[in-house]
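Worksheet for the structure shown next.
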Amino acid sequence: KRKLKESSMKQIFSVLLVLMISVVSAQEIRWMSMNEALSAQKKNPKKIFVDVYTAWCGPCKMLSEKTFKNKDLVKYINDKFYAVKFNAEGNEDISYKGVTYKNNNYDPAKANTRNGMHDFAGALGVSAYPTMLVFDEKSAPIFPITGYLTATQLEPIIKFLGENTYLTVTTQEAYDKYMKNFKGTFKN
């Protein structure tokens, strides 16, 4: 009887643990490195959403603490994209389109303050933080989104890209019409 009870308790504990992990991961964006996303994309083509941030950037922190905690946005990004957190002043080496990008000016003593700009951020034309970038299924950049946005402000843009609307809406007039007619579903 005692062994049966222990076995049952272990099974119950295992089920509870799986449920808790599922609930937590369902509420958080599954971030990865750019190299991991590019590798995953080769096996299973999917767009890549990149949050380009710096350690000292206040609006970047607000994006992480508020916008990227919105459960509707979390679910949408996890479903439609590989999500990448990229420190534009970090020291990660990134292999992209046959080139390895580095931060040759990285100073570990300045890890939490202003540091040298990463070559990958420069190659992508990032000039302000935060910048969010979306890459298509073949790793080509589609669209930069600059500045702090709430989840409801980000929703029409992220869905414009995630639903491939950008492929048919090709003029400013058509984009303005899309934005005017957009009906959001994300809750604050």
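The values are calculated or read from the model by the stated rules, or taken from the named source; none is laboratory data. Note that this is a predicted model, so its numbers are computed, not measured. Reconstructed Cβ throughout: ideal geometry from the backbone, glycine too, with neighbour counts over all protein chains shown. Please note that ligands, DNA and RNA were not included when accessible areas were found on the heavy atoms of the full protein model with its side chains. Shrake-Rupley method; radii C 1.70, N 1.55, O 1.52, S 1.80 Å.
Against the numbered list (1) surrounded by fewer than 18 Cβ atoms within 10 Å (Cβ to Cβ); (2) of a type outside the set (Asp, Glu); (3) outside any helix (DSSP H, G or I); (4) touching a residue at least 12 places away in the same chain (Cβ under 8 Å), residue 183 comes up short only at (4). Scan the stretch 48-58 and tell me whether some residue there is within 19 Å of the chain's Cα centre (by Cα), in contact (Cβ under 8 Å) with a residue 60 or more places away in the chain and farther than 25 Å from residue 140 by Cα. Within the stretch 48-58, one or more residues are within 19 Å of the chain's Cα centre (by Cα), in contact (Cβ under 8 Å) with a residue 60 or more places away in the chain and farther than 25 Å from residue 140 by Cα.
Can you find a residue in the stretch 128-135 that is open to solvent by 60 Å² or more (accessible area, probe 1.4 Å), free of Cβ contacts under 8 Å to residues at least 60 places away in the same chain and out of contact with any Leu (no Cβ under 7 Å at 6 or more places or on another chain)? I'd like the intermediate steps shown before the answer.
Restricting attention to the stretch 128-135, the residues satisfying the condition of being open to solvent by 60 Å² or more (accessible area, probe 1.4 Å) are none.
No, every residue in the stretch 128-135 fails to be open to solvent by 60 Å² or more (accessible area, probe 1.4 Å), free of Cβ contacts under 8 Å to residues at least 60 places away in the same chain and out of contact with any Leu (no Cβ under 7 Å at 6 or more places or on another chain).
Under the condition of being open to solvent by less than 70 Å² (accessible area, probe 1.4 Å) and assigned to a helix (DSSP H, G or I), the residues counted in the stretch 60-117 number 11.
All of 10, 47 fail the test of being open to solvent by 90 Å² or more (accessible area, probe 1.4 Å), at pLDDT 55 or above and charged (D, E, K, R), apart from 10. The single condition among (1) surrounded by 13 or more Cβ atoms within 10 Å (Cβ to Cβ); (2) of a type in the set (Gly, Ala, Ser); (3) in contact (Cβ under 8 Å) with a residue 40 or more places away in the chain that residue 122 does not satisfy is (3). Taking the condition over 22 Å from residue 120 (Cα atoms) and either of a type in the set (D, E, K, R) or in contact (Cβ under 8 Å) with a residue 24 or more places away in the chain (or both), does residue 75 pass? Yes, satisfied.
It is to be established whether one or more residues within the stretch 153-168 are assigned to a loop (DSSP other than H, G, I, E, B), open to solvent by 40 Å² or more (accessible area, probe 1.4 Å) and under 24 Å from residue 61 (Cβ atoms). Lay out the reasoning, then the answer.
Quick first cut of the stretch 153-168, residues assigned to a loop (DSSP other than H, G, I, E, B) only: 163-164, 168.
Among the residues that remain, those that are also open to solvent by 40 Å² or more (accessible area, probe 1.4 Å) are: 163-164, 168.
With under 24 Å from residue 61 (Cβ atoms) added as a condition, the list becomes none.
No: the stretch 153-168 contains no residue that is assigned to a loop (DSSP other than H, G, I, E, B), open to solvent by 40 Å² or more (accessible area, probe 1.4 Å) and under 24 Å from residue 61 (Cβ atoms).
This table checks each residue for (1) of a type in the set (Ser, Thr, Tyr); (2) closer than 21 Å to residue 29 by Cα.
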{"site": "101", "(1), (2)": "yes, no"}
{"site": "107", "(1), (2)": "no, no"}
{"site": "132", "(1), (2)": "no, yes"}
{"site": "159", "(1), (2)": "no, yes"}
{"site": "173", "(1), (2)": "no, no"}
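Answer yes or no: is there a residue in the stretch 140-149 that is touching a helix residue (DSSP H, G or I) at 6+ places or on another chain (Cβ under 8 Å), closer than 17 Å to residue 76 by Cα, surrounded by 13 or more Cβ atoms within 10 Å (Cβ to Cβ) and touching a residue at least 24 places away in the same chain (Cβ under 8 Å). Within the stretch 140-149, one or more residues are touching a helix residue (DSSP H, G or I) at 6+ places or on another chain (Cβ under 8 Å), closer than 17 Å to residue 76 by Cα, surrounded by 13 or more Cβ atoms within 10 Å (Cβ to Cβ) and touching a residue at least 24 places away in the same chain (Cβ under 8 Å).
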